[in-house]
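Note sheet for the following structure.
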Amino acid sequence: MEPLLEVKDLATYFYTDEGIIKALDGISFSINEGEILGLVGETGCGKSVTATSIMGLIPSPPGKIVRGSILFKGKDLLSLSEQQMRRIRGKDIAMIFQDPASSLNPVLRVGFQVAEAIWAHLKTPIREAMLKAVELFGLVNIPDPHTAVNRYPHQLSGGMKQRVMIAMALSLNPKLLIADEPTTALDVSIQAQILSLIKILQRDYGSSVLLISHDLGVISTMAHRVAVMYSGLIVEQGRVEGLFQSPLHPYTQGLLAAIPRVDEDISELAVIEGTLPNPINPPAGCRFHPRCPWAMEICKSKRPAFKAVKPYHEVACYAYAD
Ligand SMILES: Nc1ncnc2c1ncn2[C@@H]1O[C@H](COP(=O)(O)OP(=O)(O)O)[C@@H](O)[C@H]1O
Ligand SMILES: [Mg+2]
């Protein structure tokens, strides 16, 4: 089966006064039709830059995609004009963000914003699109949708705003939804409801989802496959069950060991020593080597290639070299 999205050797740099930030330095992954891929890693490792690179929304300057390809249904998005890209955004590929307020216009009623998005892409007359908006608000469990469509963003809670964004995404029935930390800003009680809406989009609408989160719990309950990012690179990827049961990369092992368990004393948690490297002058070789308990001589000079150690489970680490 052809993957819906295939990212190959993608590198995105930011040219700043302090130096070149190599935010992504050659990442490769794919997403199949109807699949949820979880992208996980610490803050600053490049998750959002991955999302905005796919959406064609890297601010330039200072940003630039310097290498690689992003094949969507076999076509390289990097070869499209801004106008062609605009057509794909929101229709074929939709995105929801951590902060829904930033993607809503504060001076327009939320129902109108959803209707306008429908009109822009499907040319549905605006009155009809408004009725569709009411219907979608009901679908994402916004109480009293007829009243809610007439509200302004500031009159809605964070959870309700995120529902509006999901309604907007649903209205277009995108092939791919990119959800960048969609529940991080929300109360825990609301998180599960938003995640189940994303699940509905995938299951009932057949959309593929790139689900970005630093929360391993979210990824393990939602995703089919997971890719683990570290400092602008993917270090391990595989099916959720296999990866969570037997993580291969020392970084993934550390991440999983750091998940607090109810029965454990916080002070006894395993933590990975050190912090993410500076992306301006990242360590040579494997970027994780300064923090790695297994580091060998070769790790300091040569970047390890991906290797399928088990079926559907790949890792970039010399510990698994033949
Ligand atoms: N517009 C920008 N200008 C300069 N550096 C940026 C910009 N956007 C992101 N970066 C840098 O790229 C790296 C990855 O950031 P990001 O993708 O936002 O991380 P996260 O995994 O937390 O989403 C960080 O070092 C960040 O500082
Ligand atoms: Mg981010």
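The values are calculated or read from the model by the stated rules, or taken from the named source; none is laboratory data. Not measured: the values here are computed from a predicted model. Every residue, glycine among them, receives a Cβ derived from its backbone with ideal geometry; neighbour counts consider all protein chains shown. Note: accessible area is taken over every heavy atom of the protein model, side chains too, but ligands, DNA and RNA are not part of it. Shrake-Rupley method; radii C 1.70, N 1.55, O 1.52, S 1.80 Å.
Return the residues of region 82-94 that are touching a strand residue (DSSP E or B) at 6+ places or on another chain (Cβ under 8 Å), in contact (Cβ under 8 Å) with a residue 40 or more places away in the chain and open to solvent by 20 Å² or more (accessible area, probe 1.4 Å); say none if nothing qualifies.
If the condition is that a residue be touching a strand residue (DSSP E or B) at 6+ places or on another chain (Cβ under 8 Å), in contact (Cβ under 8 Å) with a residue 40 or more places away in the chain and open to solvent by 20 Å² or more (accessible area, probe 1.4 Å), then 92 is the only one that fits.
What pairs can you find where one residue is in region 174-191 and farther than 23 Å from residue 86 by Cβ, the other is hydrophobic (A, V, I, L, M, F, W, C) and within 16 Å of ligand 1 (Cβ to nearest atom), and their Cβ atoms are less than 7 Å apart, with a gap of 6+ or different chains?
181/212; 183/218
Answer yes or no as to whether residue 43 is among the polar types (S, T, N, Q), in contact (Cβ under 8 Å) with a residue 12 or more places away in the chain, within 14 Å of ligand 2 (Cβ to nearest atom) and out of contact with any Ser or Thr (no Cβ under 7 Å at 6 or more places or on another chain).
So residue 43 fits the description; yes.
I'm told residue 43 meets every condition in (1) part of a strand (DSSP E or B); (2) among the hydroxyl-bearing types (Ser, Thr, Tyr); (3) open to solvent by 20 Å² or more (accessible area, probe 1.4 Å) except one. Can you identify the failing condition by its number?
Residue 43 satisfies every listed condition except (1).
Out of all the residues in region 23-30, is one or more more than 16 Å from ligand 1 (Cβ to nearest atom) and not in a strand (DSSP E or B)?
No, region 23-30 has no match at all.
In region 118-147, which residues are touching a Phe, Trp or Tyr at 6+ places or on another chain (Cβ under 8 Å) and either among the aromatic types (Phe, Trp, Tyr) or open to solvent by 10 Å² or more (accessible area, probe 1.4 Å) (or both)?
Result: 125, 126, 130, 145.
Could you check, for region 258-274, whether at least one of its residues is within 26 Å of residue 314 (Cβ to Cβ) and at pLDDT 95 or above?
Checked against the condition, which is being within 26 Å of residue 314 (Cβ to Cβ) and at pLDDT 95 or above, region 258-274 yields no hits at all.
Here is a list of conditions, (1) closer than 22 Å to residue 80 by Cβ; (2) in a strand (DSSP E or B); (3) of a type in the set (A, V, I, L, M, F, W, C), and residue 58 meets all of them except one; can you say which number that is?
All conditions are met except number (2).
Identify, by number, the condition in (1) within 16 Å of ligand 1 (Cβ to nearest atom); (2) open to solvent by less than 20 Å² (accessible area, probe 1.4 Å) that residue 48 doesn't meet.
Status for residue 48: all satisfied but (2).
Tell me yes or no: at least one residue of region 147-170 is touching an Asp or Glu at 6+ places or on another chain (Cβ under 8 Å) and modelled with pLDDT of 95 or more.
Scanning region 147-170, I find no residue that is touching an Asp or Glu at 6+ places or on another chain (Cβ under 8 Å) and modelled with pLDDT of 95 or more, so the answer is no.
Mind listing whichever residues of region 1-22 are farther than 15 Å from residue 64 by Cβ and either in contact with an Asp or Glu (Cβ under 6 Å, 6 or more places away or on another chain) or within 7 Å of ligand 1 (Cβ to nearest atom) (or both)?
4
So residue 115 ticks every box in (1) surrounded by 15 or more Cβ atoms within 10 Å (Cβ to Cβ); (2) modelled with pLDDT under 95 but one. Which box is left unticked?
It is condition (2) that residue 115 fails.
If a residue must be of a type in the set (Ser, Thr, Tyr) and in contact with a Ser or Thr (Cβ under 8 Å, 6 or more places away or on another chain), how many such residues does region 1-40 contain?
Qualifying residue count, region 1-40: 1.
State which residue pairs qualify: first residue in contact (Cβ under 8 Å) with a residue 40 or more places away in the chain and over 17 Å from residue 212 (Cα atoms) and inside region 54-66, second residue surrounded by fewer than 15 Cβ atoms within 10 Å (Cβ to Cβ) and hydroxyl-bearing (Ser, Thr, Tyr) in any location, beta carbons under 7 Å apart, and separation of 6 or more residues or different chains.
What qualifies is 61/15; 62/15; 62/16; 64/15.
For every residue, the table says whether it meets (1) within 20 Å of residue 219 (Cα to Cα); (2) open to solvent by 40 Å² or more (accessible area, probe 1.4 Å).
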| site | (1), (2) |
| --- | --- |
| 26 | no, no |
| 34 | yes, no |
| 39 | yes, no |
| 68 | no, no |
| 71 | no, no |
| 75 | no, yes |
| 80 | no, no |
| 107 | no, yes |
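Farther than 27 Å from residue 199 by Cα and more than 16 Å from ligand 1 (Cβ to nearest atom): does that describe residue 69?
It is true that residue 69 is farther than 27 Å from residue 199 by Cα and more than 16 Å from ligand 1 (Cβ to nearest atom).
State whether the residues of region 51-74 include one that is within 16 Å of ligand 2 (Cβ to nearest atom), among the hydroxyl-bearing types (Ser, Thr, Tyr) and under 21 Å from residue 227 (Cα atoms).
yes
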